[in-house]
Structure formats: C-alpha cells, structure tokens
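S.K.: Would you mind keeping the following structure in view while I ask a few things?
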Amino acid sequence: MLAKVFSAAVWGVDASPVEVEVNAAPGKMAIVVVGLPDVAVKESRDRVFPAVTNSAFKFPYGRTTINLAPADVKKEGPSFDLPIALGVIMASEQANLKHLDRYWVVGELALTGEVRPVKGALSIALSARRHKKRALIVPAANAAEAAVVEGLDVYPVTHLREAAEFLSGNRDIAPVRVDPSSLLNQLDAIEHDFADVKGQEHVKRALEVAVSGGHNVLMIGPPGSGKSMLAKRIPGICPPLSLDEALEVTRVHSVAGLLPADQGIVTRRAFRSPHHTISEAGLVGGTANPSPGEVSLAHHGILFLDELPEFRRNALEVLRQPLEDGTVTISRAAGSMTFPAQFMLVAAMNPSPGSGGFGDAERGRATQNDIRRYLNKISGPLLDRIDLHVEVPAVKHEMLLRPHAAESSATIRERVVRAREVQHERFAAKRKVRCNAQMSPKDLKAYVPLDAESESLLRMALSELNLSARAYDRILKVARTIADLAGAAKVDATHLSEAIQYRTLDRQVWG
C-alpha cells in the first residue's frame, strides 16, 4: 500500500513543502530512501525501524521505498523521522490514520519511539501557513516556537505511539497557544548599567546616537579606558524588538539550533562578541552545509568586535557585504543560501600595538611604522561603512576617586525609544527601512533636506577631511538621528556639526 505524509525541508532560514511517500511491497527485506537525502536523512531508516517496533507496531516485511518529493530539493537533518514512521504504519495498514492529510509533520525519533526536537520549527510553521495549511504536528519541545505563528494549530507530541493514536482519532491533544506580543512587551532588567561608568560622557553620547539610529560605531583608545565596559552596556539602552524583528531573529536562532527548549520566541536583541581568531566562515557562515555565522546571529542586534586590528584581514573584509546590504549570501557546491544580517557593528581598538596614546610611540614601545602597519589592518572601505569614530581617552585618576552621579541606562533608553518611534512613523510605508542607518540615497533627499548654512558647512568638511561619497551619506544619516533625539523636524547646522565631529577621527589617525 502507498501512504503519503506532508512535511517540510529547511533550507537557509526558509522551508519548503516535502511529500513523504512510503510504499510497502512484497519482496526481499529492504528499506530504500530516495529524493536527494543527505546522510542524516539516509540514516533515518536505522532510527525508524526500532522506533516503530518499540512503539508496539510491526515494521512491514518486504521492500519499503521512501520517496521525498520533490526529488530535486536537497533534504537535510533528522526531521523526516516522524513522518516516515507514520507513513510506514499507514502503508502497512496497522492503523487508519484518517486525518493525516490535514497536517504537516516533523520530528526526530529516538530508538524508543520518543519524539525529539528539530531545528527550524518556526520556519516550517511560517511555510505551512504560507501554503494554506492549518495544522502542524511537532515535537513537544518545539511547540511553543511554532505556535507563535498566528492562524496555525500546533499539536505537540512526545512519542510516535501518541502521534499515531491522535491521527487515528483515539487520542485528544490540545493545540498550543502562545501570545508573542505579551512576551515582547516585557522590558528586560538592565544587567550592565551606564551609571557604573565614570566619565566618558562624550562616548556615552556617541553610543546613544548610534543606538538611536542603528549606526555602526568604532571606539579607539588605550587599554583600560573602558571600551569593552561601555560596549557591554549597549544592550541596556537598545529599544525592544518588534514582533516582526523577533520572528526574524527567532528563525535564525532556530535553524542554527541555538533556541532554548520550550522558548517560543527570542525577546531580546542579540549581543555577539566573537574572539579575534574567528575564521571567515565562522563570521559570515559557511561549512559544507551552510549555516548562520556571527553576523546573522547578531541580526537586529549588536556584533561587538574587540581588538579590531587583531582580526584576520580577510575576515574583516567579508563584513563589507552584510554591512552594506543587510544580508549575506553563501555559495557552496550544495547550493546557495542567503541569511539576514542587519546588525549594528560596535568595534573597539587600541591606537597602537602598544599601550600608548595617539602619537605616543615611545610609551607604547612602537615605532611610527609599527603604528601605521597596525592601523592599516583596517581598510578604508570598511572604515567608510562605520558611521561614528569615537576617541576613548584614559580616565583621569581624580575622576575614578571622586563620587559621581551618571545617567542610568533606563533614562538613556527612554530617549532612544522615543527617537526610534519617530523613525518608525517616518518609515511606516517602507517595509525594509526601520531606522535612519538603513536609509537609501533617495530617502536622504526626502528626509534630510539642507539649508544654505548646512550645505556650506558640509561642503567645507568634505573638502578639508577628504571624505568619500559613502562618508557623506553616513554623516547625513547620523545628523538625522541627532535631530530626532533633539525632537527637531529638520536637520540644521548644529546637528550636522556633531555628525561631522564623529567622522574626523579616522582622518586624524589614518591620515
């Protein structure tokens, strides 16, 4: 007999429908899996056989052919175990799974018949809704994740026997309900507070501007000046994720296998801080079967690169595409995948290989050539994609010793949220633009008109600092953010002056 079960294959962060056809026929005992399966899918026959028998069913004696259609789509992972096992039970007429055609089914099987969680449950649920399916059977550990998709009934199962009884009408299972909005409306407690940082008020201001507009920022200063301390406090001033952003982030973490069990949705912005020894594949994604890298895991969050010149030159150069496009495309022999990568880059570095300040070659025990070689590890095109360059000087001893009352992260976050709300209203009609940093040249003409005084100031800055066309756009975007923080409808010379100030350091250092 022939049985058909509907399932899905995950490719990148998307999923596509797969029909699992199981045919039980007489003949010599054999289990054949076809339809472009990978090694994990081929091994499913060795998991399904004991899972079926240990669930009080009999595996059919004869030739069992399992076809995963369409045959030209690569199938990866163990998520087809459960649909294959249900197809075997139905094809051998051991149970009348009369409701099977209503559902998409995914799940890995243990040899005991227990159903284990799989990667990409949210992507599968979104694909099911897109293809007009109303119900999904998933492992219990994935139920909360899949249930965040509205308009879809998600049924959790823990065992193969339980799934078979539910589909035959002999067991009731209540669908899981999740309200993602209620989870996102809860602001997280601030673990690292800007109130703990003494001094560095101009750096805090720069970071507030950067977060308000989603701009990339580079901090340059000697060791011990507080660069890492400041960076770790940035998540505390970030605005909460919107529902659409949370779904996008959750999809990436789900296919990467990093979503905690029973967590339906990612509720906080990511803060990724890879070590400087990371490879290009680790940073943007790769391996034989492409998977998300750090830039994608930081989607709608922060990617912090400490000791920026210590990273491999090739690894830094591959950041240029995601910084420009907000996506990263990985091509391998198995195929090409595109992962989202809209992140805020926060980088920190010393001004020289030693511990001295700018021009202090003797104190840093480095020659001018050593300093030049060190700074040139960061290319001009990469620097142009960083909106704000901020000097972080060493904190004076008297500042450390005297009592201080600094602004809390909660106070700063309130201003950031207000600025983001202004941008949300401004770009309400543009789905792909969420903040000022994502504006196109066309958007700049519409939202950042300049008066005569501002044009004159900008023309002088471009000439004296020898800035590129990309730097020109970045200055306008930052100026728009500064105006939003000030509650100003138009960008004036005051906002533009502060934005230009954040572009002078790279020319001062790199010359």
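S.K.: Once R0 is set to 60 Å, what does the formula 1/(1 + (r/R0)^6) return for the Cβ-Cβ distance between E407 and A71, expressed as a FRET efficiency to the nearest 0.05?
M.R.: The pair E407/A71 has a calculated efficiency of 0.50.
S.K.: In a solvent-free Debye calculation with one equal scatterer on each Cα, what is log10 I(q)/I(0) for region 177-258 at q = 0.12 Å⁻¹, listed in the order of the q values?
M.R.: These q points yield log10 I(q)/I(0) values of -0.49.
S.K.: Now, a different point. Under a 5 Å amide H to amide H cut-off, with H placed in plane at 1.01 Å, what residues pair with V328 once short-range neighbours are removed?
M.R.: Amide H neighbours of V328: F339, A341.
S.K.: May I pose another question? Modelling each spin label as a point 7 Å along the Cα-to-Cβ direction, I'd like the S331/M1 distance in nm, to one decimal.
M.R.: 4.9
S.K.: Just want the answer: with Cβ charges of +1 for Lys and Arg and -1 for Asp and Glu, which residue in N170, N376, L308 is farthest toward the dipole's positive end in the chain?
M.R.: About the Cα centre, the residue reaching furthest to the positive side is N170.
S.K.: Then there's this: Would you mind calculating the relative contact order of the chain from Cα pairs under 8 angstrom and at least 6 residues apart, reporting the percent as a whole number? Let's see the in-between values first.
M.R.: Numbers: 1044 pairs, mean separation 65.3, N = 511.
Taking the mean separation of contacting Cα pairs over the length of the chain, I get 13 percent.
S.K.: Enumerate the calculated ³J(HN,Hα) couplings along region 292-303 in order (Karplus 6.51 cos²θ - 1.76 cosθ + 1.60, θ = phi - 60°), each rounded to whole Hz, writing x wherever the residue is Gly or Pro.
M.R.: Ordered by residue, 3J(HN,Hα) equals x, x, 4, 5, 7, 5, 8, 3, 6, x, 10, 10 Hz.
S.K.: Check R116: other-chain or 5+ apart residues with amide H under 5 Å from its amide H, H built from backbone geometry?
M.R.: Under 5 Å from the amide H of R116: E108, L109, A110.
S.K.: I'd like the chymotrypsin sites (Phe, Trp or Tyr not before Pro) in region 5-90 restricted to DSSP loop residues with at most 15 other Cβ atoms within 10 Å, sorted by number.
M.R.: Within region 5-90, the qualifying chymotrypsin sites (Phe, Trp or Tyr not before Pro) (loop, at most 15 other Cβ atoms within 10 Å) are Y61.
S.K.: From the helices alone, meaning DSSP H stretches of at least four residues, give me the mean residue ellipticity at 222 nm for the chain, per-run term -39500 (n - 2.57), in deg cm²/dmol to the nearest 500.
M.R.: That comes out to -10500 deg cm²/dmol.
S.K.: Working out 0.36 nm times the residue gap between A489 and D370, then minus their Cα-Cα distance, what length gain in nm do you get to one decimal?
M.R.: Here the answer is 38.2 nm.
S.K.: When you have a sec, figure out the Kirkwood radius of region 256-329 from all distinct Cα pair distances and drop it here in Å to one decimal?
M.R.: It is 13.1 Å.
S.K.: Here's another thing I want to ask about it. In Å and whole numbers, how far do the C-alpha atoms of the chain stretch along each principal axis, longest first?
M.R.: 84, 47, 46
S.K.: Can I get the semi-axes of region 66-158's equivalent ellipsoid? Compute them from the C-alpha gyration tensor as square roots of 5 times the eigenvalues, in angstrom, largest first. Walk me through the numbers on the way to the answer.
M.R.: Details: eigenvalues 78, 47, 43 Å².
Over the Cα atoms of region 66-158, the ellipsoid semi-axes are 20, 15, 15 Å.
S.K.: Let me ask you something else. With +1 on the Cβ of every Lys and Arg and -1 on the Cβ of every Asp and Glu, and nothing else charged, how large is the dipole of the chain about its Cα centre, in debye rounded to the nearest 20?
M.R.: With only Lys, Arg, Asp and Glu charged at Cβ, the dipole is about 700 debye.
S.K.: Taking the solvent-accessible surface of protein heavy atoms with a 1.4 Å probe, what is the per residue accessible area of the chain in Å²?
M.R.: Normalised by residue count, the accessible surface of the chain is 44 Å².
S.K.: Compute the orientation-averaged projected area for region 37-106 from the convex hull of its Cα atoms and round it to one decimal in nm².
M.R.: Convex hull of Cα atoms, orientation-averaged projection: 4.9 nm².
S.K.: So how compact is region 104-261: Cα radius of gyration and Dmax in angstrom?
M.R.: 21.7, 69
S.K.: Hey, what's the Cα Rg ratio for region 208-248 versus the globular rule of thumb, 2.2 N^0.38 Å? Could you put the intermediate results ahead of the total?
M.R.: Values: Rg = 13.0 Å, N = 41, 2.2 N^0.38 = 9.0 Å.
So the Cα radius of gyration is 1.45 times the expected 2.2 N^0.38 Å.
S.K.: Report, to the nearest whole %, how much of the accessible area of the chain belongs to carbon and sulfur atoms, 1.4 Å probe, protein only.
M.R.: 50
S.K.: Please report, to two decimal places, log10 I(q)/I(0) for region 389-498 at q = 0.18, 0.19, 0.24 Å⁻¹ as given by the Debye formula with identical point scatterers on the Cα atoms and no solvent.
M.R.: Summing over Cα pairs of region 389-498 leads to -0.98, -1.03, -1.34.
The values are calculated or read from the model by the stated rules, or taken from the named source; none is laboratory data. Here the structure is a predicted model, which is why all the values come from computation and not from measurement. All Cβ positions, glycine included, derive from the backbone under ideal geometry; neighbour counts span all protein chains shown. Each accessible area value is taken on the protein alone, full model and side chains, heavy atoms only, with ligands, DNA and RNA left out. Shrake-Rupley method; radii C 1.70, N 1.55, O 1.52, S 1.80 Å.
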